[in-house]
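For reference, the structure discussed in these notes is given below.
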Protein chains: 2
Amino acid sequence: MAKSPKISASHEPGGLIVHISGLLPSLSPAEQRVARLVVADPADAARRTITDLATAAETSEATVIRFCRSVGMDGYPQLRIRLAAEAARRVEPPDARVVGGDIPPGADLAQIIATIAFNDARAVEETAEQLDPAVCEQVVEAIVGAGRIDVYGAGASGFVASDFQQKLHRIGRTAFYFPDVHTALTSAALLGRGDVAVGISHTGTTSDVIEVLEQARARGATTVALTNFPRSPITEVADFVLTTAARETTYRSGAMASRLAQLTVVDCLFVGVAARNRARARKALEATAAAVQTHRVGSGRRRG
Amino acid sequence: MAKSPKISASHEPGGLIVHISGLLPSLSPAEQRVARLVVADPADAARRTITDLATAAETSEATVIRFCRSVGMDGYPQLRIRLAAEAARRVEPPDARVVGGDIPPGADLAQIIATIAFNDARAVEETAEQLDPAVCEQVVEAIVGAGRIDVYGAGASGFVASDFQQKLHRIGRTAFYFPDVHTALTSAALLGRGDVAVGISHTGTTSDVIEVLEQARARGATTVALTNFPRSPITEVADFVLTTAARETTYRSGAMASRLAQLTVVDCLFVGVAARNRARARKALEATAAAVQTHRVGSGRRRG
DNA sequence: GCCACGGATGAAACTTACTTTCACGAGCGG
DNA sequence: CCGCTCGTGAAAGTAAGTTTCATCCGTGGC
């Protein structure tokens, strides 16, 4: 990477805040303080002067400017304006449900449900907003033309990887998923030019997955990373990077929001691939559906 | 008239532009030139610097400031921000995404993404809305008091079942998932009063899952069904029925929407259970998180 | 016609906000 | 332990925004 790690935010119609939260862990401590203020209350931040904001974040103006550059803005005034615009757009939720934050200790189940659903839905929506269709297109292209597709993921992301594998398989693409690192590495070693390796890691720091992608890349395969953090280590071994937009969350439902976001991305890719050859994909899907038909009861209309 | 004819615009949530055009005729010629530029393209005006705007209106900065005061702003920066916000709000509804229905054959990837995300998010939201907190509460209760929890699911629902099992396990509940019918049946036969069996089936017609639930029920276990169809066969063997709200869909992303909805429900149950004993759950989660820490790289901040 | 008078206007002085530069200090790898 | 890099804020520098003030014009009285 050249010099200034400026991550483009220009093709981001709706998601400045999302974009910033994604970048948050890659920022320096002082910049993170600024970022947190901004994310917490964009409208308020837009009203502040740079000196004001710097003081509030207990840092200097210089750091605020650096923060602006880090998130892809030219300077503070631009950030202000973008924030104001962003804030105006999202004044909507007047709901009582707890947004973004923690679930309060005394919450009843109805409240928990509302909060989880809201955050889950948001993660899905925001992920879609910040997904770059051009990159998706290239990934779809690669998958369509691939001799073989390997999908990797550890832990929770493993479910997603496995899901993706199954989906691709159902429409007749040759895809594999390995729950075990060693097997995965072995498989990666057998990949070659034209093949595709997809690595899924929410944090982007899962060494197992990174290793496997690295191996795949060394063999000439096209590598794709799916992570929540656009500057995490996994992005360094990937030809294409797709990001989800689950907010940094605490333990409760954060993991789930991120999972849903990942699944959404995977589904988009899947549909993109399937759309390339509708007839064949539909036929394959019908065949696989028919295969499990005998395991269904009451095949007709559902009774009361 | 006293001095500056400042007209308050602070109690004007939606209509800055309207407000300005309203008092346009009362402005001086030079100010009117400014006003017309602003009204014609608020977003563009917000991007300009005061000198820029003054030049464009063929006047001086001083006049622009006067204009700001005339329309009730404190100064130029405030106007800029208000304009940016205003502009953002009125560009909003460009909703080209296809709602609910099929993805048209000629759709480009951006459209596909928007459609999938929208439907996914909807499924999650609507599921939460129709979920009965009372039933959830009872299910949570049962799980909290259970000696053992068995989770069943076939095919795509198997992922969800497996996910649920893993979640429960991580907070120290004894939970099992069996991908194979025979093993599942065997396990169900060993359940007893106080144990819980959860069956997941989107259609509610998967005979394997129904069979297993039936077996579990016969042994005295509490049975829970998670399905999209409140009157499907599976509900007949369940003590508690939880439903998702994915619309009846064709092959494309319907499966995914239903999956996300299922995961959301599962997550709600999980959080509900975890909330019953915060301290213990948190401790267990921290322990499991720490266990995989060595498999992460760049434990600190991510670099570019 | 000439002279106040007042409002509108822009040039320039001024202030504040923003940006850049630079030196210091902490942490890391050799 | 040394040198390196990186994050940081102080301070210098630049640009943006604001105020002041002189000018210009039209108006209406003398």
Measuring from a point 7 Å past the Cα of B:Thr174 along Cα-to-C-beta, which residues in the stretch B:193-211 have an amide N at less than 15 Å? B:193-197
From Cα pairs below 8 angstrom and at least 6 apart in sequence, can you work out the relative contact order of the stretch A:16-89, rounded to a whole percent? 37
How far is A:Pro179 from the same spot in each other copy, in nm, shortest first, if each label point sits 7 Å from Cα toward Cβ? 0.6
Give the Rg (one decimal place) followed by the Dmax (whole number) of the stretch A:130-291, computed from C-alpha coordinates and expressed in Å. 14.8, 44
So the label point sits 7 Å from Cα along the Cα-to-Cβ vector; using that for B:Ser28, what distances do you get to the other copies, in nanometres, sorted shortest first? 4.7
Around B:Ile149 (Cβ within 15 Å, Cβ-to-Cβ, excluding B:Ile149; K/R +1, D/E -1) the net charge comes to +3
For the pair B:Ala218/B:Arg276, report the inter-label distance in nm, with labels modelled 7 Å from Cα in the Cβ direction. 2.8
At A:Asp44 and A:Ala134, where each label point lies 7 Å from the Cα along Cα→Cβ, what is the point-to-point distance in nanometres? 3.7
In whole angstrom, how far apart do the alpha carbon centroids of the stretch B:50-93 and the stretch B:111-157 sit? 49
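Taken together, the values in this text are just the output of simple stated rules run on the coordinates, not laboratory data. None of these values were measured; they are calculated from a predicted model. Positions of Cβ are backbone-derived with ideal geometry, glycine not excepted, and every protein chain shown enters the neighbour counts.
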